[in-house]
1. Quick test for you: out of Pro491, Pro483, pick the one residue that is part of a loop (DSSP other than H, G, I, E, B), closer than 15 Å to Ile574 by Cα and not hydroxyl-bearing (Ser, Thr, Tyr).
2. Just to be sure before I move on: is Ser182 assigned to a loop (DSSP other than H, G, I, E, B) and within 19 Å of the chain's Cα centre (by Cα) in the structure I sent?
3. Is it the case, given these coordinates, that Arg398 is at pLDDT 90 or above and in contact with a Ser or Thr (Cβ under 8 Å, 6 or more places away or on another chain)?
4. Report, by residue number, each residue of the stretch 349-362 that is surrounded by fewer than 21 Cβ atoms within 10 Å (Cβ to Cβ) and farther than 16 Å from Leu439 by Cα.
5. Just name the residue that is surrounded by the fewest Cβ atoms within 10 Å (Cβ to Cβ) out of those in the stretch 66-125 that are in a loop (DSSP other than H, G, I, E, B), in contact (Cβ under 8 Å) with a residue 40 or more places away in the chain and of a type in the set (A, V, I, L, M, F, W, C).
6. Would it be correct to say that Asp161 is of a type in the set (Asp, Glu), in contact (Cβ under 8 Å) with a residue 60 or more places away in the chain and within 30 Å of Met253 (Cα to Cα)?
7. Look through Leu55, Leu16 and report the one residue that is surrounded by 21 or more Cβ atoms within 10 Å (Cβ to Cβ) and farther than 23 Å from Val252 by Cβ.
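The values are calculated or read from the model by the stated rules, or taken from the named source; none is laboratory data. Quick caveat, the model's predicted, so the values are computed rather than measured. Cβ: placed from backbone, ideal geometry, glycine included. Neighbour counts: every protein chain shown.
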Amino acid sequence: MFLLHDPIDDSIREALKAYDDITAALLARRGITTAEDAEAFLSPSYDAHIHDPMLMLDMPKAAARLARAIGDTEKIAVWSDYDCDGIPGGVLLHDFLKKAGANFVNYIPHRHNEGYGVNIPGLEKLAREGVTLVVTVDSGITDVEAVARANELGMEVIVTDHHLPAEELPPAFAILNPNARSEETYPYKSLCGAGVAWKLVCATLALGFPGRDLIPEGWEKWLLDMAGLSTIADMVPLTGENRVIASYGLLVMRKSPRIGFIKLCKAARVNQGKIEEGDVGFMIAPRINAASRMGDPLDAFLLLSTTSETEADQLSKKLEALNRSRRASAGAITRAVHERLLERKMEGKELSSVIAMGDPDWRPGLLGLVANGIAEEYGRPVFLWGREGNDTMKGSCRSGPGNTNVVELMRAAGDTFLGFGGHKASGGFSVAPDAVFDLEERLARTLASLPKEDEREAVRADAVMTPEAVSKEVLKRLQALAPFGMGNAKPSIAFHEVRLEQVSWFGKAEEHLRLTIGRGHEEFPEAPIEAMTFYAKRQLGDACARLEKGQCISLLAHLEEDTFSRGQPIRLRIIAIG
């Protein structure tokens, strides 16, 4: 049996009386307690809910500087990160600067040869090419020395980022980052990197520059395909302004004429006209990220920015092949981690409060994917490291299901790391070669010294249903709260004592689970409903090993539309089995 959330207060239910019980409860759990807020949440409006970009600290001077550079045909460099936030952000600035007739280049550092962030050799190369203004995307907020070097080289830097800063801010001409300063004036703090870059475009268009009249009013909305893609892929909270950007971004993605995106959807077997946030997170983003993890991030940038159908076709196929290679390589690392943990168990060693391990042969670009799975499976922070092409030991960390802030954990670990950054739940780091041997011990000791935070409570059901109650009307009401993501989780529905008509496994290694659940009385049966999950043993543990035909079980699941079956029936996506 699964626990339900507490019922909402009568006063809140009265305020949300226009909505059915499930919708009202879901809204209340998201902090939405008035009819006005409910309308804003369920009907996000571009005109009403997108904030004025000029409210952001440093935005007026940043936009004015970019407008001047465009008008004076200064050479501009867009320096973007190599992930599925930085690359789309670089693409949207590319599209804008191209439309504006600017003199510009895009620069994306190579993950394995240059590493994350703004680096001095790259800046020196741009200076030799005549660049006088650098605009960063999804990076730069911790690159104090590099920005200072850019100034020495006669270049000014506009940092657009959303990551947490170090103790010292870079000496940039302007810093656009809602999370960088306590005196920040922008009303929403959770934009992704591409979201901040898009706000710079909007502000620059509002100020104007020579040739501005050639760009149609409202044209910046077409860039929401890239801003929305990054907002969903980078796992920032899908609340407030991000909800608007993601919602409109999906609308633009569905009808985008961007040839590279069309080809990417086709390669990933995604129906572009019906693309949803799950398609972006699980199908599109991994292929974009595969470019930097397994090859050159420039391939993903060129795919999304090209106007050549031939080039788009070639690059989409290349990214598809890289993604297959990424999955195989990440799977091998995951198996290696499991084997090491099993060895510890066989030796009678207790599992540390922090898992930290690595191998010089592991690709650092794959370790975030692996760390996330291990952290969820073992319920604790995980730090994995490998060796970059320049012999630097780098890695990724994930917090797992608890409330550990990995950035604060790394900060509290003193001189353990050469460098680090990220968000509360995920981050990256570099470490000295001799420090990897006692990294786990140091982190476990540091974690024990930090103030304890309340652990995340057990997953609760938003509602209890019978299989017979599942209908398109119920699904439609739940989908009104989409797009789902961080801060707006998919509703979870409990089903108690349901009868299994069939238990089957599929996939190359039979790692995915499909259940067929009976509906209706034995004498008056309805069509059964399907419940499934990928990588069942990892997601469900021992519970999935006990399943048999004819058994009655309880399960917690999301409702979703099965777009691969005729008639698009409803199916259940299993979260847990009771």
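1. Pro491
2. no
3. yes
4. Once the filter is applied, which keeps residues that are surrounded by fewer than 21 Cβ atoms within 10 Å (Cβ to Cβ) and farther than 16 Å from Leu439 by Cα, the stretch 349-362 yields Lys349, Glu350, Asp361.
5. Per the criteria, the residue is Ala100.
6. No, not satisfied.
7. Only one candidate passes the filter, namely Leu16.
For (1) outside the structural domain of Gly373 (by TED's automatic domain parsing); (2) surrounded by fewer than 16 Cβ atoms within 10 Å (Cβ to Cβ); (3) more than 19 Å from Ser471 (Cβ to Cβ), each residue gets a yes or a no:
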{"site": "Leu500", "(1), (2), (3)": "yes, no, yes"}
{"site": "Ala509", "(1), (2), (3)": "yes, yes, yes"}
{"site": "His512", "(1), (2), (3)": "yes, no, yes"}
{"site": "Thr516", "(1), (2), (3)": "yes, no, no"}
{"site": "Ala527", "(1), (2), (3)": "yes, yes, no"}
{"site": "Tyr535", "(1), (2), (3)": "yes, yes, yes"}
{"site": "Cys544", "(1), (2), (3)": "yes, no, yes"}
{"site": "Glu548", "(1), (2), (3)": "yes, yes, yes"}
{"site": "Gln551", "(1), (2), (3)": "yes, yes, yes"}
